[in-house]
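Shown next, in structure tokens, is the structure this report addresses.
The values are calculated or read from the model by the stated rules, or taken from the named source; none is laboratory data. Every value quoted in this text rests on a predicted model; they were computed, and no experiment measured them. Ideal geometry is used to build each Cβ from the backbone, glycine not excepted, and the neighbour counts take in all protein chains shown.
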Amino acid sequence: MSTMIPMFEMTRLLMGAMFIGSLFGVVPGLADEDVAPGTGSLQQAIARAIPGSVLHLKPGIHSGPVVVDKPITLQGTPESIVESNRQGSVLTLTAPDVTVRGLTVRGSGMSESDLDSGIHATKTAARARIENNNVRDNLFGITIQGAPAVVVRANHIANRNDLWINFQGNGIQIWNSTGSLFEGNRIEGGRDGVYIHTAHGNIIRNNHFSNLRFAVHYMYANNNEISGNVSRNNHVGYALMYSNNLKVLHNRSFRDRDHGLMFHSANRSEVAWNQIRETADKCAFIYVATRNTIHDNLFEGCDIGIHYNGASEQNQIWNNAFVNNRTQVKYQGTAWFEWSKEGRGNYWSDNAAFDLDGNGVADVAYRPNNVVDRIVWRYPLAKLLLSSPVMEVIRFAQSQFPALYPGGVVDRWPLMAPAES
């Protein structure tokens, strides 16, 4: 008696096994797939993929635009290029739990209103992971539009730089995302490195920014952390505006053009352990910012250490180091502000003071600005008279009669040495 299974019976059993396997999310031969380059091949592979599968993109050009509407992984090498030929966004993620890893993504369209991007995650793309990609020659690099809990990590983003700066896109643009992490990315060229608007409870850390307008640009984004980032040769390092309860920690700004840190209408935040060096204009500009704690920062080698606006009230500023700035503080109002806390002030490199009791605190208060500064700020040509006997008389009179000071910053416990960081 023959034990061979008829062909029709084998086909029926195989189809039954595939059906049972599909109930458990496993279909033989379809879980992973190698995708050859070409026109339409990647979109077709996505159409036949099952949730949880991995598409390995072979080296070559995979034509876009491409929509990823299933929770799958796209993975490749830098030679695996997804290119859109200037049409829309190159990759659009519309499903949750999508991973895009290790690809080169380039050639988006040019519509700013449509946010034409290298990788665009819509609000339904929760928990997307975008890692180790080379995203270049796009209008926007990576845009997150409402997707929560995404991870954007270790990508190299270099947007188009052949446009007027206001027409360039941002490296990473974030809107209405919560609980997301943007970490270890290198962003160069384009408008802003990270632009975040109305997105709360996120972390931006350990990213490198260069040759941009703003390295990090915050608007109406609360309860976020900005930590360990490096801004170099940008117009502004960290522009933190209209946002509350921020943690701005351990960031660095080197040779940015206008401001290392611009704190505008940002309140109840902590700014600590940051280093801002060699800004051509201001290390920091603090404008209409209240109830912040600013401590243990280094402001070094700038034209102005901190430009402080009089509407910035109830801030605690202590344990900072102001080193070799041409003007340590610029404040033009008439109110008095004490920059110290619990008997500990700041270090001022131009403070020729004594410490007779050896407690590390100077014996007399330090005032960074005087009447001569006010005269020069109001009448710039008065710089020609800085060494004149008239100015020396004003300085001497003011030193003997502190009541002549018109208001400003006073540090009653200036430090004799910078605090150890």
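Things worth noting here:
- Here Ala353 passes the criteria (1) in a loop (DSSP other than H, G, I, E, B); (2) at pLDDT 90 or above; (3) in contact with a strand residue (DSSP E or B) (Cβ under 8 Å, 6 or more places away or on another chain); (4) hydrophobic (A, V, I, L, M, F, W, C) except the one numbered (2).
- Residues of segment 91-150 that are farther than 19 Å from Gly76 by Cβ and touching a Gly at 6+ places or on another chain (Cβ under 6 Å): Gly109, Asp116, Lys123, Leu139, Phe140, Pro148, Ala149.
- Check on Thr73, out of contact with any helix residue (DSSP H, G or I) (no Cβ under 6 Å at 6 or more places or on another chain) and either modelled with pLDDT under 95 or more than 26 Å from Ser108 (Cβ to Cβ) (or both): no
- Residues being acidic (Asp, Glu) and buried (at least 16 other Cβ atoms within 10 Å of the Cβ) - total across segment 112-124: 1
- Here segment 125-148 is the region considered, the condition is being surrounded by fewer than 24 Cβ atoms within 10 Å (Cβ to Cβ) and in contact with a Phe, Trp or Tyr (Cβ under 8 Å, 6 or more places away or on another chain), and the residue that is nearest to Asn159 (Cα to Cα) is Gln145.
- Residues of segment 213-229 satisfying the condition of being aliphatic (A, V, I, L, M) and either under 9 Å from the mean Cα position of the chain (by Cα) or buried (at least 24 other Cβ atoms within 10 Å of the Cβ) (or both): Ala215, Val216, Ala221, Ile226
- Hits in segment 323-346 (condition: surrounded by fewer than 21 Cβ atoms within 10 Å (Cβ to Cβ), closer than 21 Å to Asp296 by Cα and in contact (Cβ under 8 Å) with a residue 60 or more places away in the chain): Val323, Phe337, Glu338, Gly343, Arg344
- Residue list for segment 82-118, filter: among the basic types (Lys, Arg), out of contact with any Lys or Arg (no Cβ under 6 Å at 6 or more places or on another chain) and at pLDDT 95 or above: Arg101
- For segment 285-306, the set of residues classified as out of contact with any Lys or Arg (no Cβ under 8 Å at 6 or more places or on another chain), assigned to a strand (DSSP E or B) and of a type in the set (A, V, I, L, M) consists of Ile286, Ile294, listed by residue number.
- Condition met for Asn166 (surrounded by fewer than 17 Cβ atoms within 10 Å (Cβ to Cβ) and outside any strand (DSSP E or B)): yes
- Number of residues in segment 70-86 that are surrounded by 16 or more Cβ atoms within 10 Å (Cβ to Cβ) and within 21 Å of Leu115 (Cα to Cα) equals 4.
- Only one of the numbered conditions (1) of a type in the set (S, T, N, Q); (2) in a loop (DSSP other than H, G, I, E, B); (3) over 20 Å from Thr99 (Cβ atoms) is violated by Ser177, and that is (3).
- Which listed residue is of a type in the set (Gly, Ala, Ser) and either free of Cβ contacts under 8 Å to residues at least 24 places away in the same chain or over 22 Å from Asn229 (Cβ atoms) (or both), from Gly171, Gly102: Gly102
- Single residue of segment 263-281 satisfying the filter (surrounded by 23 or more Cβ atoms within 10 Å (Cβ to Cβ) and touching a Lys or Arg at 6+ places or on another chain (Cβ under 8 Å)) that is farthest from Phe322 (Cα to Cα): Ser269
- Scope segment 46-67; condition assigned to a strand (DSSP E or B), among the hydrophobic types (A, V, I, L, M, F, W, C) and without any contact (Cβ under 8 Å) to a residue 40 or more places away in the chain; matching residues: Val54, Leu55, Ile61, Val66, Val67
- Only a single criterion out of (1) under 17 Å from Arg291 (Cβ atoms); (2) surrounded by fewer than 13 Cβ atoms within 10 Å (Cβ to Cβ); (3) of a type outside the set (S, T, N, Q) is not satisfied by Asp357, namely (1).
The rows are residues; the columns are (1) crowded, with 19+ Cβ neighbours inside 10 Å; (2) within 16 Å of Ser253 (Cα to Cα); (3) touching a Gly at 6+ places or on another chain (Cβ under 7 Å).
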{"site": "Ile174", "(1), (2), (3)": "yes, no, no"}
{"site": "Gly179", "(1), (2), (3)": "no, no, yes"}
{"site": "Arg186", "(1), (2), (3)": "no, yes, no"}
{"site": "Gly190", "(1), (2), (3)": "yes, no, yes"}
{"site": "Asn234", "(1), (2), (3)": "yes, yes, no"}
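- Count - residues of segment 181-195 that are outside any strand (DSSP E or B) and either of a type in the set (Lys, Arg) or at pLDDT below 95 (or both): 3
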